[in-house]
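The values are calculated or read from the model by the stated rules, or taken from the named source; none is laboratory data. It should be emphasised that the depicted structure is a prediction, and the values quoted were computed from it without experimental measurement. Cβ atoms come from the backbone with ideal geometry, glycine included; neighbour counts cover every protein chain shown.
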Amino acid sequence: MFRQGGTFLGALALAGCSGDLSALDPAGPAARDIARLWWAMLAGSALLFLLVMGLFALVMLRPEAGRRWSPRAWIVGGGILMPVPVLFVLLLFAFGQGERHLPWRGEHNPVRIEARAHMWFWEFHYLDYPDVEPTVDVLHIPANYDVDVIATSDNVIHGFWVPRLGGKVDATPGHETLVRLYADRAGSFGGICAEYCGTGHAGMTFRVEAHTPAAFRAALGLGEEETE
Amino acid sequence: MNGERNETALALHRKLSEIWGTPPGLGRLSAVNHTAIGLRFIVTSGIFFAIGGLLAMLIRAQLATSASPFMDEGLYSQVFTMHGTIMMFLFAIPLIEGFAIYLLPKLLGARDLAFPRLTAFGYWCYLFGGLMLLGALAAGVAPDAGWFMYTPLSSSVHSPGINSDVWLLGVTFVEISAVCAAVEITVSILKLRAPGMSLARMPIFAWYMLVVAGMMLFAFPPLILGSILLEVERAFGLPFFDPERGGDPLLWQHLFWLFGHPEVYIIFLPAAGVLSTLIPVFAGRPLIGYGAVVAAIIAMAFLSFGLWVHHMYMVGISHLAMAFFSAASALVAVPTAIQIFSWLATLTYGRPRFSVPMLYVFGFFFVFVIGGLTGVMLAMMPFDKQAHDTHFVVAHLHYVLIGGFVFPMLAAAYYWMPHMTGRFPVQHLSRAAFWLIFIGFNVTFLVMHLTGLLGMPRRVHTYAAEAGWDTLNLVSSIGGFVMTFGFALVLLDFVLQYRYGRAFPRNPWKAATLEWAMPLPPPVYNFASLPSIDRRADRIAPRETGAHLAAGRGYLGFVRNGQMETLGVSITSGRLEQLIVLPNNSFLPLWTALATASFFIAMLAKLYWAVPIAMLLVLFFFLGWTRVTGSRADCGALSVGEDEDAVPHAECSGAPSWWAMVFTLASNATLYASLLFGGLFLWTSAPGWPAQEPPGMSLAFSALTAGMIAAGGALGAAAARRAGRAPRTFLLASAAAHLTATLLLGWMALNGVPDRTGHALSAVCFAILCYAGFHTALAAVFALYGVWRDATGFISQRRDLDLRIGRLWHLYTAVAGVLGVAFIHLLIAMGSAGGAS
């Protein structure tokens, strides 16, 4: 009964969190880890919030009850002993997670794509397939495969972001920045410019199409893969 | 006996009011009194808050539904840019300055701040700079690149209109006021306290403001430098940020956030200072953990300068560096928690009572704790990669700024309104207003976290219905309008209190700090006589102390030669040190600010020929300020009452103006260090290095220039040691050396760096040469000013203050100039093709 209720609530929460651009509706390991981190931090924060507000209510309504702890215990306990371990664990965990999704990790060579930001559209160059024409506002990637996107710009700063697949990265003129995407299923995912880039900012959306290997080659207009 | 004392008190009150008062009518424009100027700051910032709030309403109207036709993208970008700019630069910082200017002398037992005319000048700069921005908004050419003005979007290529110039010039103008206030507040807290008030006895609010003013001295210069460089790039084509010519847009981000993150704490800490002042009053006992709180705010100030990169996780910096900044960002939670738990401990060991200010304290706890927790979330780099630049961040920053600033400042307003008006509020409206703001706020911004996580970026003027953000945005918009009604009700409440509140002459909250030891509303001179402090200054008895002081039984309970007198103490011990004679009302601050405005308007209108004229005009007016300072005869120690004597500040080694120069130079050195850092940063990070056509500098010529700068500085500094023994020879020689150095630097700038619009290396060298040349030219002015003062009899062996202030400038110029010349050679060697790199 409880379990069913829990499942139901979970389903409701997930329905509220789904969406083409939702970071809470992950379709890849990086986005999924970050979504988990969010839910864990949300739960922890809710507890800490209730604790502080509970203490505030206590000291306002029944101040004498708070005097069982010395003033020093209040300040050292609440100001140092409570936050420091929480922050320490959180930092270690987040650092480990960040490390895990860094672009240089992975057993095989990732597909490399250059995302060139313009005002206001995206142009994707397939660096591993020099003969393939660049695509505009549609990025084809193979599903279940590491993809490294190198973002750059020759005008203003833009932000490359595919919320369901992973974090964002700035496309800065004069610099190349790297973000790893991984879609664990074939499908179509929304992308959007995250950094304000002028009057066309809101319209600077794009799509990421994740394909099976054969469909990926077809989408790029490549022939059947030769057997090695 | 009692009647006689009252009569003396009344006579003293009349005499002091005559000396300290502000004339009526247009004469008000000459006011320099801190109470008057403080209130002007507060009221003006309130008006800007209302304008910024109306802009926020336009934003919420636009976003209430998908595909809204209300505003087009061009207008929308002006609206959100101006909303942020107004709230940060024209509301928050000036409101803090206003409260500090109004309160500090009263809390510290002084009659005014150290530099009343500077207070007035700061106000005019703030007002004129703000009007420049508002004028642009009315004319439809307001800044539109976002309140942090990221370049290249704000560059002349992508923003060819004057919109970005308005921001860069207008905000810099307003920042002059912030830096003036920072110097003034720092010196006033350190020197202008009641005798006996050591640092450790200061009311806690003074500690907060001391730390905040110190932070302002070091946080604003990077932004001022960045604004100057970007304006110079836009106006004259020197490429500091253009990646195609050796510049780097990331340099702007570093300079901006080097300011921008401390800025958040500059805004939060005064509000926390308000809480540390109010909570003890409503708990009915002194603050618990005074020492821990002081340590926490100092720690926070240091940490806040190590966090700026957490605004830049997306620009591609190494993971280890990010881990460092992530840890530092999370660590800020510790000093915050220490303060929060000190407040809880104070409440639990007191007898807390609920009243309107405490309602806002509750609002602070509720809202700010959520903002702090989401702040820790954002400090976690992986999470930030998703949440950055989305509405999650918008929600977070409003929780922090409204929770951590607006709620405490409303508590402060309700708490100190009776002080400002002498009247007590009508309570019913106040509570309704609070709940409207509180509920409206949470409805607006709590759901906005989710909007962001569902993928809505910041600063979009429209979104597709399929995105699924309609309901959340509509809820936020409704909440926003509820909150606006709440603020309107607060305004009405204040007006009613001002008009109809019942009179309440003394200490309505039973507080134990000095500002309540005076009749309300406060007299222009604050205290008819100044107290002597023998305990921590949040434990005094205002009623008894107030009567004692009003009767003229403390220090300076008399008038002398119609002078405006207050006392100066030694910095740490609070021992009586000097008698400070303050300047009276003057129109000069207004004229100087108008001259400064003409400089900014000439820049904005691209009338570059008028710019040097405007600068000379500013210099002329500033020199005019010195006409009423100083004395032509040695005076020696004078009686200050309480059987004690003190020397006038002009004859004291630690005069406030000497310290002001020390802090001004520290702030100036930060600006210079930011410039040198910029050069090194471009060398390591920017594309297009090494430079193909580096500047050609002859080593011999540079050595000659450096030698001339050093000679000018050394001679000017040595002159101060010869006060009263013909310093004129040294000063004239110093002026000659400085003028020669200025010419040499000018020659180097014009002929040594021909490619200054072609590559950032040359542009940086040019900027350093200009900086050095500006300083040597002003050093020559200081030297000649010394000659003038000496010739007119203002200098003697005892009265050497003018020369000692000049000495600081001479020494700084010598060090900065020689360092600059050497740095240029280093940068050229490292950064040119065929050089060392």
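Among the residues in segment A:103-111, are any in a loop (DSSP other than H, G, I, E, B) and in contact with a Leu (Cβ under 8 Å, 6 or more places away or on another chain)?
Yes, segment A:103-111 contains at least one residue that is in a loop (DSSP other than H, G, I, E, B) and in contact with a Leu (Cβ under 8 Å, 6 or more places away or on another chain).
Restricting attention to segment B:36-78, and to residues there that are under 18 Å from the mean Cα position of the chain (by Cα) and polar (S, T, N, Q), which single residue is nearest to residue A:198 (Cα to Cα)?
Per the criteria, the residue is B:45.
From the list B:723, B:691, exactly one residue is at pLDDT below 95 and in contact with a strand residue (DSSP E or B) (Cβ under 8 Å, 6 or more places away or on another chain). Which is it?
B:691
For segment A:174-197, which positions are over 19 Å from residue B:383 (Cβ atoms), at pLDDT below 95 and in contact with a helix residue (DSSP H, G or I) (Cβ under 9 Å, 6 or more places away or on another chain)?
Of everything in segment A:174-197, those that are over 19 Å from residue B:383 (Cβ atoms), at pLDDT below 95 and in contact with a helix residue (DSSP H, G or I) (Cβ under 9 Å, 6 or more places away or on another chain) turn out to be A:174, A:175, A:184.
Select from segment B:782-817 the residues that are more than 22 Å from residue B:707 (Cβ to Cβ) and basic (Lys, Arg) and list them in ascending order.
Answer for segment B:782-817, where residues must be more than 22 Å from residue B:707 (Cβ to Cβ) and basic (Lys, Arg): B:789, B:798, B:799, B:804.
Within segment B:655-773, which helices (runs of 4 or more DSSP H) (wholly inside it) include 2 or more residues that are touching a helix residue (DSSP H, G or I) at 6+ places or on another chain (Cβ under 6 Å), over 30 Å from residue B:262 (Cβ atoms) and not assigned by TED's automatic domain parsing to the domain that holds residue B:801?
Where helices (runs of 4 or more DSSP H) fall fully within segment B:655-773, none carries at least 2 residues being touching a helix residue (DSSP H, G or I) at 6+ places or on another chain (Cβ under 6 Å), over 30 Å from residue B:262 (Cβ atoms) and not assigned by TED's automatic domain parsing to the domain that holds residue B:801.
Would you point out the residue of segment B:2-21, among those that are polar (S, T, N, Q) and at pLDDT below 90, that is surrounded by the fewest Cβ atoms within 10 Å (Cβ to Cβ)?
B:2
Return yes or no: is residue B:360 in contact with a Ser or Thr (Cβ under 7 Å, 6 or more places away or on another chain), surrounded by 24 or more Cβ atoms within 10 Å (Cβ to Cβ) and of a type in the set (Ser, Thr, Tyr)?
no
Filter segment B:300-322 down to the residues that are surrounded by fewer than 17 Cβ atoms within 10 Å (Cβ to Cβ), in a helix (DSSP H, G or I) and within 11 Å of another protein chain (Cβ to nearest Cβ) and list them by number.
Within segment B:300-322, B:319, B:320 qualify.
Hey, among B:562, B:574, which residue is part of a loop (DSSP other than H, G, I, E, B) and over 26 Å from residue B:200 (Cα atoms)?
Of B:562, B:574, the one residue that is part of a loop (DSSP other than H, G, I, E, B) and over 26 Å from residue B:200 (Cα atoms) is B:562.
Out of all the residues in segment B:151-158, is one or more assigned to a helix (DSSP H, G or I) and either touching a residue at least 60 places away in the same chain (Cβ under 8 Å) or out of contact with any strand residue (DSSP E or B) (no Cβ under 8 Å at 6 or more places or on another chain) (or both)?
Scanning segment B:151-158, I find no residue that is assigned to a helix (DSSP H, G or I) and either touching a residue at least 60 places away in the same chain (Cβ under 8 Å) or out of contact with any strand residue (DSSP E or B) (no Cβ under 8 Å at 6 or more places or on another chain) (or both), so the answer is no.
For segment B:636-660, how many residues are touching a residue at least 12 places away in the same chain (Cβ under 8 Å), under 13 Å from residue B:577 (Cβ atoms), acidic (Asp, Glu) and surrounded by fewer than 19 Cβ atoms within 10 Å (Cβ to Cβ)?
Qualifying residue count for the region: 1.
Just checking, how many residues over segment A:7-32 are hydrophobic (A, V, I, L, M, F, W, C) and either under 13 Å from residue A:188 (Cα atoms) or modelled with pLDDT of 90 or more (or both)?
6
All but one of (1) more than 10 Å from chain A (Cβ to nearest Cβ); (2) among the aromatic types (Phe, Trp, Tyr); (3) in a loop (DSSP other than H, G, I, E, B) hold for residue B:354, so report the exception by its number.
(1)
Tell me yes or no: at least one residue of segment A:43-62 is of a type in the set (Lys, Arg), outside any helix (DSSP H, G or I) and facing chain B (nearest Cβ under 10 Å).
Within segment A:43-62, one or more residues are of a type in the set (Lys, Arg), outside any helix (DSSP H, G or I) and facing chain B (nearest Cβ under 10 Å).
Take the conditions without any contact (Cβ under 8 Å) to a residue 12 or more places away in the chain and in contact with a helix residue (DSSP H, G or I) (Cβ under 6 Å, 6 or more places away or on another chain) and apply them to residue B:337. Does it pass?
So residue B:337 passes the test.
Only one of these is modelled with pLDDT of 95 or more and among the aliphatic types (A, V, I, L, M): B:638, B:588. Name it.
B:588
Within 14 Å of chain A (Cβ to nearest Cβ) and aliphatic (A, V, I, L, M): which single residue out of B:54, B:63 fits that description?
B:63
Condition first: out of contact with any strand residue (DSSP E or B) (no Cβ under 6 Å at 6 or more places or on another chain) and among the charged types (D, E, K, R). Can you find one or more residues in segment A:159-174 that meet it?
No, because not a single residue in segment A:159-174 is out of contact with any strand residue (DSSP E or B) (no Cβ under 6 Å at 6 or more places or on another chain) and among the charged types (D, E, K, R).
For the list (1) facing chain A (nearest Cβ under 8 Å); (2) in contact (Cβ under 8 Å) with a residue 40 or more places away in the chain; (3) small (Gly, Ala, Ser), I need the number of the one condition that residue B:272 fails.
It fails just one condition, (1).
Quick one: in segment A:64-88, which of the residues that are more than 8 Å from every other protein chain (Cβ to nearest Cβ) and among the small types (Gly, Ala, Ser) is farthest from residue B:380 (Cα to Cα)?
Filtering first and then ranking leaves A:70.
Among the residues of segment B:439-454, is there at least one that is surrounded by 21 or more Cβ atoms within 10 Å (Cβ to Cβ), within 14 Å of chain A (Cβ to nearest Cβ), assigned to a loop (DSSP other than H, G, I, E, B) and not hydroxyl-bearing (Ser, Thr, Tyr)?
Scanning segment B:439-454, I find at least one residue that is surrounded by 21 or more Cβ atoms within 10 Å (Cβ to Cβ), within 14 Å of chain A (Cβ to nearest Cβ), assigned to a loop (DSSP other than H, G, I, E, B) and not hydroxyl-bearing (Ser, Thr, Tyr), so the answer is yes.
Among the residues of segment A:204-213, is there at least one that is within 14 Å of chain B (Cβ to nearest Cβ), touching a Phe, Trp or Tyr at 6+ places or on another chain (Cβ under 6 Å), closer than 23 Å to residue A:24 by Cβ and of a type in the set (Lys, Arg)?
Checked against the condition, which is being within 14 Å of chain B (Cβ to nearest Cβ), touching a Phe, Trp or Tyr at 6+ places or on another chain (Cβ under 6 Å), closer than 23 Å to residue A:24 by Cβ and of a type in the set (Lys, Arg), segment A:204-213 yields no hits at all.
Name the single residue, out of those in segment B:186-204 being over 16 Å from the mean Cα position of the chain (by Cα) and of a type in the set (A, V, I, L, M, F, W, C), that is surrounded by the fewest Cβ atoms within 10 Å (Cβ to Cβ).
The selected residue is B:200.
Kindly evaluate residue B:395 against the criterion of being buried (at least 22 other Cβ atoms within 10 Å of the Cβ), within 18 Å of residue A:38 (Cβ to Cβ), under 29 Å from the mean Cα position of the chain (by Cα) and within 12 Å of chain A (Cβ to nearest Cβ).
No: the conditions fail for residue B:395.
Checking residue B:241 against (1) aromatic (Phe, Trp, Tyr); (2) out of contact with any Asp or Glu (no Cβ under 8 Å at 6 or more places or on another chain); (3) outside any helix (DSSP H, G or I), only one condition comes out false. Which one?
The one condition residue B:241 does not meet is (2).
Could you list, in sequence order, the residues of segment A:181-203 that are closer than 19 Å to residue B:67 by Cβ and either away from chain B (no Cβ under 13 Å) or touching a Leu at 6+ places or on another chain (Cβ under 7 Å) (or both)?
Listed by number, the residues that qualify are A:190, A:192.
Those residues that are touching a residue at least 40 places away in the same chain (Cβ under 8 Å) and surrounded by fewer than 19 Cβ atoms within 10 Å (Cβ to Cβ), I need them from segment B:678-689; list them, please.
B:680, B:681, B:685, B:687, listed by residue number.
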